[in-house]
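The values are calculated or read from the model by the stated rules, or taken from the named source; none is laboratory data. Predicted model only: the values in this text are computed from it and were never measured. Counting neighbours? That spans all protein chains shown, and the Cβs are built from the backbone with ideal geometry, glycine included.
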Amino acid sequence: MSEIALAADFAIIVVVATVIGLIARQTGQPTIIAYILTGIILGPVAFDIVTEEGLVELMGDLGFAFLLFLLGLKMRFEDIREILPAVTNVAFGQTVLQTALAFLVALALGFETDEILVISLATVFGATPIIVKILTDKDEITSLPGKIDVGVLIVQDIYLVIVLALFAADDLGGAGDIASTLGVILVMMSFIGIFSLLSSRYILPGLFRRIADNKDVFLIVAIGWAFLFVAIAEGADLDPKVGAFLAGISIAQLPYSKELEDRITPITDFFILVFFATIGLQIDGLSSLLAYWWQAIVASAVLMVGNFWIMFYLIDREGFDVETSFLGSINMVQVSEFSLIVGALAIDQGYIGPDVLGYLSLMALLTMSVSTYIIAYNHAIYERLEPWFARFESDERKDADISTYEGHAIAIGYDEITERALPRLEELYGEVVIIDRQTDHIEELEREGRYEYVFGDFRHTEVRKEANLKGADFVLSSSVEREVNEALLAEVGDDATVFVEAERIDDARTLYDRGATYVIMTSHLAAEKVSEYVELYVTDRDAFEETIARDVERVNAQRRRSADRLENGESVADTDYTPGGEAHD
Amino acid sequence: MTEELVIALAVVFVTAGVLSLIANQFGLSPIPFYIIAGLIAGRFVTESEIIVLAQWGIAFLVFAFAIRIDFADVETVLRDAELASATQLIVVAPIAFGVGYLFGDLFGFADPVRNAVYFSAAVVLSSSLVGGVLLGSEIRENLVHGRLASSIHFFDDLVAIALLLILSTEVVTADAIAAQIGYGVVLVISGLVLYRHGFPLLVRLADGDGELVLVGSISILIAFLAAAEYVGVSIVVGAFAAGVAIRSDGTQALEVQNGISSITDFFVAIFFVTVGALVAIPSLEVLVIAATLSALVLALNPLVHVLSFIYEGYDARTAFLAGSSLNQVSEFALIIAIQALLMGTIADPLFDAIILAAAVTMLLTFLGRRTEDVVYETVVARLFRGQRTRKVDERSSVDELEDHVLVVGYGRIGRRIVETLEDNDVPYVVLENDPVLWDELDAECRNYVLGDALAEYPWEKAQIGDAALVCSTVDHRPVSETILELETDADADVLLRSESAAVASDLLEAGATHVAVPNVLAGEQLLATVDALAAGETDPETLEREQRDYFQALERYGFATRDERV
């Protein structure tokens, strides 16, 4: 067999990253730092045993593309529509002001004209992968500051694509060339964007409804969709990652995106590790890294502070409250690894020498490392500084609040077992959220419009988060899989009432041990009931007839409920069900 | 460079995506369609890096398989698969080897013996991935033939791994094979040691970070792959040992399993597409070999399986249904082939033929399924008619009965009913089709018939004409319908079981006296409990105590220990 494991550089990266990651975890450091460190250790700076070529580069690229696909998957228009104008304003202001700041800093530090231009263009960007990864890990990517940041980063990415295309274009003779290159890029991007939007409206809903029930096909088709966009973007000479992002957005508008997020996340985690390691691998060696070391430190400090205030001013001006503005800005203080890419291109074109790239790398490394901690502890930092920042507080604040469920009831699986209890649960707990991973059940719920629902497998973290399992007061699971119910019991709040189902007695005992309130055992119940029938049949035929007649009616009633529901949703459930606690009064 | 790779991957996934849409439309397994995607996309996917990614697909495929293995199940599998698989190895493997050798001789392959082994492996092994899709509903409904077939699949997979271990030697000598086996055993034992001590440590160090556990599991995989290569055994063995090391229980399990299954799906798609892409435009000899291979897989394989199942005491229908879901080339045969291709020990025409035959048989196995019932009724049922009555007579014990209760199925519910009937001293007979339960039936039941509830003779044997009540505990619509049909002549009351209220209503309309729907019953109990809790009539402690007492009572009567067979 060929030497796949040993020869593949990326295998070494994964193993070393795991070891460093575990050590980092013990000391409370973010894993990203461990991954970047892995790259530095394995790359030219230290041992020089791994090169960033072939598979490693491919996997790094895939990691980044998957991260943006994932990011796109989280972007539901309805969620960001209200903050969109604000975000656009912030992004434009930020780009202009930060370029100016970087320009001044570079000028003050005494670089040459060409170099200053490259540096100021290259240092504007926030490090999308770092911000997205840490905020996702912290579960803050869909919070308001998270959304503002992501919005700004997307505008930056578009700007980046333009800058990259300009640098890559071989000879930009004059303003005419620049304008025509820009025009082509913009037209291409709008075409892909429009295609993505149209497909999310007309092609995808029907397509994914058919396949969402089949786990494997669902994943492969979604990945195929992402790659289709990647290929289109590649064909149009655009950054393929933008394609992945747009593919994500087009799927995000469907009800199945949560489930998909959970399937894509592990693949992303796997590849993104390689990506972060390649950041470290790109650094050429100690000497060029340290050529401008003090300038880099000074510039990093000035830029981090300056960027924070620019962002804070801009976000605050849009009328968000102080905490949002603070968190939104402090997340964005770093210089992105894009500066290395822009720098590398600039070297190719002969605008700068390798030492300037070293300067850019050192700055990116410094700011990224520091900001990793800042983002990880952003709330703690805000708490410390809150009294001082309170002076920016003013009366009219328009924070869009992001609603989550609280004190609600969750039903896992929408079937004949759970459905009868739902109206009662709604009555007792106010809100019922159903988790189900069958498209026809979800459609039924959608038609009915009575209960909230989440499409997806309960095994997936993202799905549980969406339904806010931790905040639920009542959980009802009609899954008989023990792992699922154990995971449920481990995550749910201590005071919550939890009804679960089990197939075997041993499982039922374990579930009670882990805190279940009540364990339903369908087969034993049926055994009980049927043997009761048989007993009546052989002892008291009249009583048998009577019981049977009653139970047959129940079955028919259930069937009618299901059938009616299929035809015309909501009215039925209300009329058929006697409200109030009459059943036991 | 990277751009080309990205484009190549894009081609792989876009074609795979489009073709899996087709597979999904017809309810087929996507795997043969991935291979076809490879055949279509072949010219675009040539980079050696893609082949490396495909090998990661192999590693992950085996890794995920080994993680899922529950060693507690192995006993059941051996009980089910022992005889049939052994027959297969003794009868089919030599025949296939002979045919393979003939081909080698005819077309002048460099190493006819070795190629004959590859050919034979492709014939004997059947696919658990395809079978899993094929038998999905049967396995869920716990039907005997579903369980049988999946046991054989599992057994085949283990055989394949052993075979890969041996075949990864370049030169086959007794010493080399012994060394391979030694290394293999050492790897698996280290996997077990890691399972006990290493993996729990990893989980503890990761301290609740699921991503680190996932990456750590992949590192374990990589370490084992490296070890396997270092000592020169197949990476498949390394991946298997690594899978053994990963725990599939505990609170982290869900997340790690999800993660690995996503990554596996990703690489496995690349693997199957690449396999397809490696096939050249088939020549005449490739077609001849592929056709012969397919014929052997589609006809000889199931035939031998069916005969050995029947010999073991399964009824003809179960044997036929189980046998006919074992007629496809295994994904492990593809792994064996691609490994041989990389070692340069397989003749190109044979490689192409195995891949083509895999795609063809995987597709035909689904199509065959559609016509299964017809084939059974018109061919198999007639062939085995005499045998069927004799077998049922041999393995049943029934007295003269009148006004008795006929209980169909001896699972959890069946046992409860028998208990009730014995307490009330009412004559009864149990009808069951799983020969595994025969000992128990013989010991516990006064009257029983071991036979197929869809055939007529067992009913005759159970004297349905004189029965007062037929009580079926089997939730399988064809069985319920057969009972209702028979009942019109017999004039007995009929109690049935069904999974959904809709089916139950249909059955009631068709003349059932009553249909028990466990889900409806559970729903009612649930509602009552919620109400009682809300009204303060009971509290969680009482509920739990009552339930625990109930479990104890069940266990005392011996209803719990046999649970797993229901």
Looking only at helices (runs of 4 or more DSSP H) that lie completely in the stretch A:485-585, which have at least 3 residues being modelled with pLDDT under 85 and more than 10 Å from chain B (Cβ to nearest Cβ)? A:541-576
Every residue from the stretch B:426-440 that is of a type outside the set (Val, Ile, Thr) and either assigned to a loop (DSSP other than H, G, I, E, B) or within 14 Å of another protein chain (Cβ to nearest Cβ) (or both): B:Pro427, B:Tyr428, B:Asn433, B:Asp434
May I ask you to list the residues in the stretch A:317-367 that are of a type in the set (Gly, Ala, Ser), under 28 Å from A:Ala380 (Cβ atoms) and not assigned by TED's automatic domain parsing to the domain that holds A:Leu107? A:Ala364
Looking at the stretch A:88-97, is at least one residue out of contact with any strand residue (DSSP E or B) (no Cβ under 9 Å at 6 or more places or on another chain), in contact (Cβ under 8 Å) with a residue 40 or more places away in the chain, surrounded by 23 or more Cβ atoms within 10 Å (Cβ to Cβ) and more than 18 Å from A:Ala344 (Cα to Cα)? yes
Positions within the stretch B:84-96 being of a type outside the set (Gly, Ala, Ser) and either touching a Phe, Trp or Tyr at 6+ places or on another chain (Cβ under 7 Å) or buried (at least 22 other Cβ atoms within 10 Å of the Cβ) (or both), in sequence order: B:Gln88
Note on the stretch A:111-140: residues at pLDDT below 80, surrounded by fewer than 23 Cβ atoms within 10 Å (Cβ to Cβ) and not in a helix (DSSP H, G or I) are A:Lys138, A:Asp139, A:Glu140
Does the stretch B:200-212 contain any residue that is in the same structural domain as B:Phe71 (by TED's automatic domain parsing), part of a helix (DSSP H, G or I) and either in contact (Cβ under 8 Å) with a residue 60 or more places away in the chain or under 17 Å from B:Ile69 (Cα atoms) (or both)? no
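Conditions (1) closer than 22 Å to B:Phe267 by Cα; (2) in a helix (DSSP H, G or I), marked per residue:
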site	(1), (2)
B:Ala322	no, yes
B:Val329	yes, no
B:Ile355	yes, yes
B:Ala358	yes, yes
B:Leu364	no, yes
B:Arg370	no, yes
Identity of the residue in the stretch A:39-49, closer than 12 Å to A:Gln282 by Cβ and not in a helix (DSSP H, G or I), that ends up nearest to the other protein chains (Cβ to nearest Cβ): A:Gly43
Kindly list, by first and then second residue, each pair from a residue in the stretch B:164-183 that is more than 12 Å from B:Ser234 (Cβ to Cβ) to a residue that is not aliphatic (A, V, I, L, M), limited to pairs with Cβ atoms under 7 Å and residues at least 6 apart or on different chains. B:Ala176/B:Thr169; B:Ile177/B:Thr169
May I ask you to verify whether A:Asp262 is of a type outside the set (Val, Ile, Thr), in a helix (DSSP H, G or I), without any contact (Cβ under 8 Å) to a residue 40 or more places away in the chain and facing chain B (nearest Cβ under 10 Å)? no
Top-ranked residue of the stretch B:267-282 - restricted to ones that are surrounded by 24 or more Cβ atoms within 10 Å (Cβ to Cβ) and over 22 Å from the mean Cα position of the chain (by Cα), ranked as nearest to B:Ala64 (Cα to Cα): B:Ile270
Restricting the search to the stretch A:212-238, which residues are of a type in the set (A, V, I, L, M) and modelled with pLDDT of 80 or more? A:Val217, A:Leu219, A:Ile220, A:Val221, A:Ala222, A:Ile223, A:Ala226, A:Leu228, A:Val230, A:Ala231, A:Ile232, A:Ala233
Of the residues in the stretch A:469-484 that are closer than 16 Å to A:Tyr414 by Cα and more than 10 Å from chain B (Cβ to nearest Cβ), the one that is farthest from the chain's Cα centre (by Cα) is A:Val480
Would you confirm whether or not the stretch B:321-332 contains a residue that is touching a strand residue (DSSP E or B) at 6+ places or on another chain (Cβ under 9 Å), more than 14 Å from every other protein chain (Cβ to nearest Cβ) and over 27 Å from B:Phe107 (Cβ atoms)? no
Residues located in the stretch A:400-450, provided they are away from chain B (no Cβ under 14 Å) and more than 24 Å from A:Leu207 (Cα to Cα): A:Ala400, A:Asp401, A:Ile402, A:Ser403, A:Thr404, A:Tyr405, A:Glu406, A:Gly407, A:His408, A:Glu431, A:Val433, A:Arg450
Filter result for B:Ala443 (in a loop (DSSP other than H, G, I, E, B), away from chain A (no Cβ under 14 Å) and surrounded by fewer than 24 Cβ atoms within 10 Å (Cβ to Cβ)): no
Report yes if some residue within the stretch B:83-96 is in a helix (DSSP H, G or I), over 19 Å from B:Ala358 (Cβ atoms) and over 23 Å from the mean Cα position of the chain (by Cα); otherwise report no. yes
Of everything in the stretch B:1-19 that's in contact (Cβ under 8 Å) with a residue 40 or more places away in the chain and at the interface with chain A (Cβ under 9 Å from one of its Cβ atoms), which residue is surrounded by the fewest Cβ atoms within 10 Å (Cβ to Cβ)? B:Leu5
Does the stretch B:336-352 include one or more residues that are under 21 Å from the mean Cα position of the chain (by Cα) and part of a helix (DSSP H, G or I)? yes
Examine the stretch B:433-453 for a residue that is in contact with a helix residue (DSSP H, G or I) (Cβ under 7 Å, 6 or more places away or on another chain) and over 30 Å from B:Glu75 (Cβ atoms), and state whether such a residue exists. no
Filter the stretch B:393-425 for residues that are under 15 Å from B:Ile464 (Cα atoms), of a type in the set (A, V, I, L, M) and buried (at least 22 other Cβ atoms within 10 Å of the Cβ); the one that is nearest to the other protein chains (Cβ to nearest Cβ) is B:Val405
